[in-house]
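Below is one structure, written out as structure tokens, with a few remarks after it.
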Amino acid sequence: MSKFITEMLDAINQDPSSIVKYKDSSALKVLFQYAFDPKNKFLLPEGTPPYKEDSAPLGMSPANFIMEMRRLYIFGREDLGKVRRESLFITLLEGLHPTEAKVLIAIKDQDLPRLYSNITAKLVYDNGFIDYVPMETTVPKQEVPPIPVVVQEVVVVQESVVVQETQPQLMEVESEQPSVEQSMPVQEVVAPKLTPVKSGPKSSRKNSK
């Protein structure tokens, strides 16, 4: 069995099926719990903090990852102050070999596949290292066909307002001037008197026989 955590991770990354050889490794189980389970995420800022890398060769550093594994829980303690947690984390980084320090930073950010692309949450879950069910296991990714966009032409019909003009009613105003018939005086028509014509003497017409 490999001695250093980086050697085990390298072997699994090269051949993911070889992970079954490390099922009894408590160090890997703890590492994967911190690396993939959201409830175990460190309470530390994202990214690489400023620290001085150890220059000793692998195996000659003041500490190694497996030895310091038992101290990882302190980075999830809420009772520690922010500055105190960050200070302890930097001290631990500076005591590890640079390759192990990079693994610890990836674990802090829960971004281990950035260093080992074949070591995924699904892989460690399927092999019993974590209890957390990754989303890629429960909900497989499916390609969703694009939804066609139907453009409907909206025709706006503006109702014409018909204004009915009402002619003002002309009020019949009775003229104060009298009508022609009323203005003309009524004249009494008097019939002319007829003068009798006197006839001359009657001439006797005698027929001579």
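The values are calculated or read from the model by the stated rules, or taken from the named source; none is laboratory data. The shown structure was predicted, so the numbers you read here are calculated from the model rather than taken from an experiment. No Cβ is skipped: glycine too gets one built from the backbone with ideal geometry, and neighbour counts run over all protein chains shown.
When region 5-26 is limited to residues that are surrounded by fewer than 17 Cβ atoms within 10 Å (Cβ to Cβ) and farther than 15 Å from Asn127 by Cα, the one that is farthest from the chain's Cα centre (by Cα) turns out to be Glu7. If I filter region 27-68 down to residues being of a type in the set (Lys, Arg) and surrounded by 15 or more Cβ atoms within 10 Å (Cβ to Cβ), which single residue comes out as farthest from Tyr116 (Cα to Cα)? Selected residue: Lys41.
Taking the criterion of being more than 16 Å from Thr91 (Cβ to Cβ) and in a loop (DSSP other than H, G, I, E, B), the residues of region 22-44 that qualify are Lys23, Asp24, Ser25, Asp37, Lys41, Leu43.
Considering only residues that are surrounded by fewer than 20 Cβ atoms within 10 Å (Cβ to Cβ) and in contact with a helix residue (DSSP H, G or I) (Cβ under 8 Å, 6 or more places away or on another chain), which ones fall in region 69-78? Result: Met69, Arg71, Ile74, Gly76, Arg77.
I want to confirm something. Restricting to region 84-102 and keeping residues that are under 21 Å from Leu115 (Cβ atoms) and of a type in the set (Asp, Glu), which single residue is surrounded by the most Cβ atoms within 10 Å (Cβ to Cβ)? Taking the candidates together, the pick is Glu100.
Quick grid of which residues meet (1) polar (S, T, N, Q); (2) at pLDDT below 95; (3) assigned to a helix (DSSP H, G or I):
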| position | (1), (2), (3) |
| --- | --- |
| Asp54 | no, yes, no |
| Leu58 | no, yes, no |
| Arg71 | no, yes, yes |
| Phe75 | no, no, yes |
| Ile90 | no, no, yes |
| Leu93 | no, no, yes |
| Ala101 | no, no, yes |
| Leu123 | no, no, yes |
| Ile130 | no, yes, no |
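Just one of (1) surrounded by 15 or more Cβ atoms within 10 Å (Cβ to Cβ); (2) under 38 Å from the mean Cα position of the chain (by Cα) fails for Gly81. It is (1).
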